[in-house]
Amino acid sequence: MEGYEDVSPLPLDTGFKDELCQIMYTDEYRMVVGTARALMERREYSERAKELTGRVIDLAPAYYTAWNYRFDILMHLARGNVELLNQELEWIDEVTLNNPKNYQIWSYKEAVLKNHPSPSFKRELPILQLMLDEDTKNYHVWSFRKWCVLFFGDFSHELGYTESLLERDVYNNSAWTHRMFVLKNTSPSHDHVLEEIEYVKGKIELVPQNISVWTYLRGLYENFLNANYDDEIIQFTSTFTHGVEEEDETDVNVEIESSCALEFIAHVYALRGGAMTRKAINAYKGLATKYDPIRKNLWELKISRVTKS
Amino acid sequence: MSTSLESTKHVKFLKRHLLMLPSSQQSHDVNRIAIIFYSIVGLSALGVDCSREYASSIPYIYQHYVKLQIPGYEEVFSGFVGSLATNVSNTSCISLPNTLFALLTLRIMKCDEFFQKTVDRESLGNFIRKCQYPDGSFASVLDMNKPTPSPVDSTDLRFCYIAAAILRLLGCETKEDFEEFIDVDRVIDYMMTKKCDFGGFGDYGETHAGYTSCALCAFQLLHGLDKLDSEFKERTVDWLLHRQVSNSGTVLLQEGKNPYYDPEENGGFQGRENKFADTCYAFWCLNSLKILDENEFNNVCRAGLAQDYLLTKTQNNLIGGFSKNDEDDPDLYHTCLGIAVLQLMNGTFDGIFCIPKQFAP
Ligand SMILES: [Zn+2]
């Protein structure tokens, strides 16, 4: 192979006659992987070795040893050389765009950033934006984003960013949980929490049947307001249940706007206990018989729990 | 539409994956042991006696068991490499997932002799020990130049589960047995940091059914389930049951609005809130549920909706196999997990190790 004439590629064939899943390699694969392994064996730390690991990763992004070798080469060559580390970050972005589902990329990038003398969140924002634009719920990309937020200690872009995503798709659970992650890490003021509740109410009015937003609302009360559900939120919620929790018998002709709202209100009444327990039971009965019958057993279990306590 | 399991077609589909693969598969070369594992699990769950049919390939699998030293260090490690073609003689290419997959394959192949004589418990245990970080988490591979976790690998709940499962296969039973190789309290502390507000486990607060299953299996293996308080367990059961997609009641209001809602997926399970159902998440959710609440698990199974969803929507009755949803082509991973969850619901499958019950420890 050009530039590697002095290296004999290690063979890929095992010679076993009862090999399983034998693969018909392309010549390119044999050459690239065989040569890279030979370089790895002799621990060559050179520009050409780094270049070759890039070609290996292109062909086999899951080749974990190749990632490790590349990082070793980089650390040998860079020794704090910002230019080289920046080039590496650019190379990673390119691989990322070609392999959006590969998760090895993210931990590799974290390792490079940890070894960079002047890493920057600003540099990471465009690629994060691009990746999440393409796949708004990509778990690994969101995890990397949260890692960055903590690593750089910079929460300033996050609320605005999740707002823009929720504008696009109010059902985006990753955006809602990201928002909660930000709040939990930034100890918001009481006023901020109240503002947040207003924001959530707006999103509920837009689409009441959305589990992510109701969970988020409960999270606000539990994490910041000691789970003190006020009358106002009950009133707000009951506009989506049309008050069916008040009725001892479920009226099969009454439709509601959100089973999540009914579950929310049931939870709140169960917490209040006493005379309110009856309303919780009514709500769970409604869920079991009409509004969410697939989870009938769960709702009945909840009825037996609130009845006991 | 078919309502019964197309076993014959699935067997054919799975067997094809163990034969010569086209070059389009070469990117999976490095995890070939995983391909073998998914195929063998699927086949054995369908009643194929793999220990007979693939007996002649056992020496080939043994070849993936590698004992090694890192240049400049005394200690010995052992484990399985994902593929012989990507192994390098003086470099640690063994990984935790490939090690678990190979050991489970060998159990299905009834290679008792491997577990009794061939395996070197000390060096394999040492590999797992050195993959553990001080915070309790695990990387899946070692660094190539020193006996520490690879700096470029991720650490997540999968590897906690895999480490615990491997040690169980090596005979660890009590907490003290595990302590010989890993710091059990720290694994548990680490997993506790991955709990989410409304039940389940995930990274930074977003619950994920796959991670939830891994965490619960690890808690179970390490005898740590009682460390989870009852409220958290209840919330987790709640969360899991809510992952079943439904086409009846108020949820139907999402039709045409929520881009990730499809009433046709009634009975299927999603991996997170507001996502489409997916064959593999039926396994991850139901396996988690079974660990936490056998009764609710049985209720879901008895209702039959999950089974109907899998058999009529994601089973391919032309070429065999299961796909992730009702649109994609079938693939090996979803075929394995589709069969696995059906047999889990039948009571013949061990969800903790993801192999038929008869082969589980
Ligand atoms: Zn899947």
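Okay, here's what the table says:
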{"item": "Positions within region A:1-15 being within 10 Å of chain B (Cβ to nearest Cβ) and surrounded by 14 or more Cβ atoms within 10 Å (Cβ to Cβ), in sequence order", "result": "A:Leu10, A:Leu12, A:Thr14"}
{"item": "Any hit, region B:260-276, residues being more than 28 Å from A:Ser212 (Cβ to Cβ) and open to solvent by less than 30 Å² (accessible area, probe 1.4 Å)", "result": "no"}
{"item": "Qualifying residues in region B:277-291 (those that are open to solvent by 20 Å² or more (accessible area, probe 1.4 Å) and within 11 Å of the ligand (Cβ to nearest atom)) - the one nearest to B:Thr314 (Cα to Cα)", "result": "B:Tyr281"}
{"item": "Region B:73-110, residues that are open to solvent by 10 Å² or more (accessible area, probe 1.4 Å), within 11 Å of chain A (Cβ to nearest Cβ) and of a type outside the set (S, T, N, Q)", "result": "B:Leu84, B:Pro97"}
{"item": "Some residue of region A:61-73 being more than 10 Å from every other protein chain (Cβ to nearest Cβ) and either at negative phi or within 23 Å of the chain's Cα centre (by Cα) (or both)", "result": "yes"}
{"item": "Hey, B:Ser39 touching a His at 6+ places or on another chain (Cβ under 7 Å), surrounded by 15 or more Cβ atoms within 10 Å (Cβ to Cβ) and within 11 Å of chain A (Cβ to nearest Cβ) or not", "result": "yes"}
{"item": "Total residues in region A:59-83, condition at pLDDT below 95 and open to solvent by 60 Å² or more (accessible area, probe 1.4 Å)", "result": "2"}
{"item": "Boolean, A:Thr250 is open to solvent by 80 Å² or more (accessible area, probe 1.4 Å) and within 12 Å of another protein chain (Cβ to nearest Cβ)", "result": "no"}
{"item": "Region B:245-271 - residue that is among the acidic types (Asp, Glu) and touching a residue at least 60 places away in the same chain (Cβ under 8 Å) and, of those, farthest from the ligand (Cβ to nearest atom)", "result": "B:Glu264"}
{"item": "Residue list for region A:208-235, filter: open to solvent by less than 50 Å² (accessible area, probe 1.4 Å), within 12 Å of chain B (Cβ to nearest Cβ) and part of a helix (DSSP H, G or I)", "result": "A:Ile211, A:Ser212, A:Val213, A:Trp214, A:Thr215, A:Tyr216, A:Leu217, A:Arg218, A:Gly219, A:Leu220, A:Tyr221"}
{"item": "Scope region A:102-113; condition within 8 Å of chain B (Cβ to nearest Cβ) and either open to solvent by less than 40 Å² (accessible area, probe 1.4 Å) or over 9 Å from B:Ser154 (Cα atoms) (or both); matching residues", "result": "A:Gln104, A:Trp106, A:Ser107, A:Tyr108, A:Ala111"}
{"item": "Candidate set from region B:286-302 (those that are in contact (Cβ under 8 Å) with a residue 12 or more places away in the chain and among the hydrophobic types (A, V, I, L, M, F, W, C)); member that is nearest to the other protein chains (Cβ to nearest Cβ)", "result": "B:Val300"}
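The values are calculated or read from the model by the stated rules, or taken from the named source; none is laboratory data. All figures in this text were calculated on a predicted structure; none of them were measured in a lab. When we count neighbours, we look across all protein chains shown, and the Cβ atoms used for this are built from the backbone with ideal geometry, even at glycine. These area figures cover heavy atoms from the full protein model, side chains too; ligands, DNA and RNA do not enter into them. Shrake-Rupley method; radii C 1.70, N 1.55, O 1.52, S 1.80 Å.
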